[in-house]
Amino acid sequence: MKSLLKALAVIALVAMPLVASAQQKTLSEKLLQQYIEIVSIDHEDGSAEVQVFYMPDKQQYYLQVGHLGVGTDIVQVNFDPVYILYIPLGATLEEAQANLETLKAHVKSARGAQMQTMGCLCFGFPSEEELEPVTVTARRLIISRQLEFSVTRGDWVRAAFIPRSDMNALVNGVKFYRKIHPKEK
C-alpha cells in the first residue's frame, strides 16, 4: 500500500509541470516582466539604485531613476519604497545613448536650469499609458553637481536625485555595452 502511494505521489509530481503550463497567466506573472539590464549603479550606503534596461515586450529602453521622496522644493522625505520613476529613452540603443548624453550635458547647465521630459511613476514596471511630465533640474551643491527628477502632484513635489558621476557612469556603460554588442539595435 505504501509503495502504491509513493508511486501515485511521484506520478503527481511529474504531471504537475504539464498541468501548470496549460494554465492562464496569473497576476504575479503579469507583474513580473522580462527585462535586460544594460547598466546598473547600486550604492553601498543604501541610496537608490539607478539603471538603464531594455524591455523586449515593449521594445523600449528605460532609465530607472529610483524611488522618489515626497516634500517641497527644499525638503524631501524618502519613505516610499514602492513607486519608481522610469524615463523612456527610446526604441534603439543609439537613441538611448543620445538621450542619456542630453541628460549628462544638462548636469553642466547653469544652476536651476530646467528641461521637461516624459516619465512614468509607477509600481513594478513602466507603462506607456501612465506617462506624465517630469521636470529635470540641474542642481549644484557645494562641490558637486546633480540632476533632480521631479513630478508635481498637487502641492507636493516628488523628487529623486542622480549625481553627475552616476550620469557619467551610465553613459559610459551604455557606450561599452554598444561596443560589446554591435549588432544589437
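Applying the set (1) modelled with pLDDT of 85 or more; (2) in a loop (DSSP other than H, G, I, E, B); (3) buried (at least 17 other Cβ atoms within 10 Å of the Cβ) to Ala48 leaves exactly one unmet item: (1). Suppose the filter is within 17 Å of the chain's Cα centre (by Cα), more than 25 Å from Lys58 (Cα to Cα), in contact (Cβ under 8 Å) with a residue 40 or more places away in the chain and open to solvent by 10 Å² or more (accessible area, probe 1.4 Å); does Arg164 pass it? Answer is no for this residue. Among the residues of the range 83-104, the one identified as in contact with a strand residue (DSSP E or B) (Cβ under 8 Å, 6 or more places away or on another chain) and either of a type in the set (D, E, K, R) or modelled with pLDDT under 75 (or both) is Glu95.
Have a look at Arg178, Arg158 and point out the one that is touching a residue at least 40 places away in the same chain (Cβ under 8 Å), open to solvent by 20 Å² or more (accessible area, probe 1.4 Å) and within 19 Å of Val39 (Cβ to Cβ).
Residue meeting the stated conditions: Arg178.
The values are calculated or read from the model by the stated rules, or taken from the named source; none is laboratory data. Since we're looking at a predicted model, the values are computed, not measured. Every residue, glycine among them, receives a Cβ derived from its backbone with ideal geometry; neighbour counts consider all protein chains shown. Accessible surface is based on the protein model in full, side chains and every heavy atom, while ligands, DNA and RNA are left aside. Shrake-Rupley method; radii C 1.70, N 1.55, O 1.52, S 1.80 Å.
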